[in-house]
Amino acid sequence: MSAPALPSYDDVLGLPALIEDTVPMSFIDVNGHMNIRHYLDYGATGADVICRQVGIDDEYRARRRMGVFTAEHHIRYAAEMHEGSRFSVHARFLERSGKAGHLLSFILDRDREVLSCTVEIVLVHVGMDSRRPVDFPPDVAAGLDEWIA
């Protein structure tokens with residue numbers, strides 16, 4: 001089974017950096033590289049930055065009683081990162097339907113100039129009271145469409 005080709009470091013670098021950080025010693029696992037849970041955390045946080053930028057934030061959940069739930073994650077590792085590695089997180093909304101969105105977060109190792117990891121995420125827009133899928137409101141849908149474009 002062959003996986004789709006990954007974008008180049010330079011291609012990803014063309015997207016805005018949503019997060020920049022350095023791998024601390026506390027992220028290193030028994031194999032001597034950054035543990036998987038931190039890749040997922042940073043990839044999901046990159047997605048959260050986009051959601052907040054289009055208006056899906058704490059106020060949105062409280063006032064409009066809607067939010068997003070993650071339905072699926074897929075993590076793909078391309079290069080390990082080590083203590084002290086500088087990295088950045090970039091994300092891109094790929095597509096959406098009325099009630100769901102598909103995005104990809106990229107984690108770049110800025111020191112070695114390589115793509116370290118991708119975190120693919122499927123989000124479902126839900127009513128917080130019903131806990132069931134509901135359509136994105138027009139203003140949020142327009143914000144997502146801007147990211148997609």
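For segment 33-59, how many residues meet the condition of being assigned to a helix (DSSP H, G or I) and either open to solvent by less than 80 Å² (accessible area, probe 1.4 Å) or touching a Gly at 6+ places or on another chain (Cβ under 9 Å) (or both)? Walk me through it before giving the result.
Step one: of segment 33-59, the residues assigned to a helix (DSSP H, G or I) are 36-53, 58-59.
Applying the additional criterion that residues be either open to solvent by less than 80 Å² (accessible area, probe 1.4 Å) or touching a Gly at 6+ places or on another chain (Cβ under 9 Å) (or both) yields 38-40, 42-51, 53.
Within segment 33-59, residues that are assigned to a helix (DSSP H, G or I) and either open to solvent by less than 80 Å² (accessible area, probe 1.4 Å) or touching a Gly at 6+ places or on another chain (Cβ under 9 Å) (or both) number 14.
In segment 13-32, which residues are in contact (Cβ under 8 Å) with a residue 12 or more places away in the chain, among the β-branched types (Val, Ile, Thr) and open to solvent by 50 Å² or more (accessible area, probe 1.4 Å)? Thr22 - this is the single residue of segment 13-32 that is in contact (Cβ under 8 Å) with a residue 12 or more places away in the chain, among the β-branched types (Val, Ile, Thr) and open to solvent by 50 Å² or more (accessible area, probe 1.4 Å). Only a single item in (1) open to solvent by 40 Å² or more (accessible area, probe 1.4 Å); (2) at pLDDT 95 or above is not met by Ala149, and it is number (2).
Close contacts from segment 33-52, counting a first residue that is of a type outside the set (A, V, I, L, M, F, W, C) and a second that is surrounded by fewer than 18 Cβ atoms within 10 Å (Cβ to Cβ) and in a helix (DSSP H, G or I), with Cβ to Cβ under 9 Å and a gap of 6+ residues or different chains, come to Arg52/Asp58.
Tell me which residues, restricted to segment 89-133, are in contact (Cβ under 8 Å) with a residue 24 or more places away in the chain and of a type in the set (Ser, Thr, Tyr). Once the filter is applied, which keeps residues that are in contact (Cβ under 8 Å) with a residue 24 or more places away in the chain and of a type in the set (Ser, Thr, Tyr), segment 89-133 yields Ser105, Ser116, Thr118. Residue-level check: of (1) surrounded by 14 or more Cβ atoms within 10 Å (Cβ to Cβ); (2) more than 18 Å from Glu146 (Cα to Cα), Leu104 misses just (2).
Among Ala71, Ala62, which is the only one that is touching a residue at least 12 places away in the same chain (Cβ under 8 Å) and either out of contact with any Asp or Glu (no Cβ under 9 Å at 6 or more places or on another chain) or open to solvent by less than 70 Å² (accessible area, probe 1.4 Å) (or both)?
Ala71
Please go through segment 133-149 and give me each residue that is of a type in the set (Phe, Trp, Tyr) and closer than 12 Å to Glu95 by Cβ, ordered by number.
Initially, segment 133-149 is screened for residues of a type in the set (Phe, Trp, Tyr), giving 136, 147.
Within segment 133-149, just Trp147 meets the criteria.
Does Arg86 satisfy being in contact (Cβ under 8 Å) with a residue 60 or more places away in the chain, among the basic types (Lys, Arg), over 16 Å from Ile50 (Cα atoms) and in contact with a Gly (Cβ under 7 Å, 6 or more places away or on another chain)? The answer is no for Arg86.
When the residues of segment 79-106 are filtered to those that are closer than 19 Å to Leu18 by Cβ and not in a strand (DSSP E or B), the one that is nearest to the chain's Cα centre (by Cα) is Met81.
The values are calculated or read from the model by the stated rules, or taken from the named source; none is laboratory data. Quick caveat, the model's predicted, so the values are computed rather than measured. Virtual Cβ from ideal backbone geometry, glycine too; neighbours counted across all protein chains shown. Please note that ligands, DNA and RNA were not included when accessible areas were found on the heavy atoms of the full protein model with its side chains. Shrake-Rupley method; radii C 1.70, N 1.55, O 1.52, S 1.80 Å.
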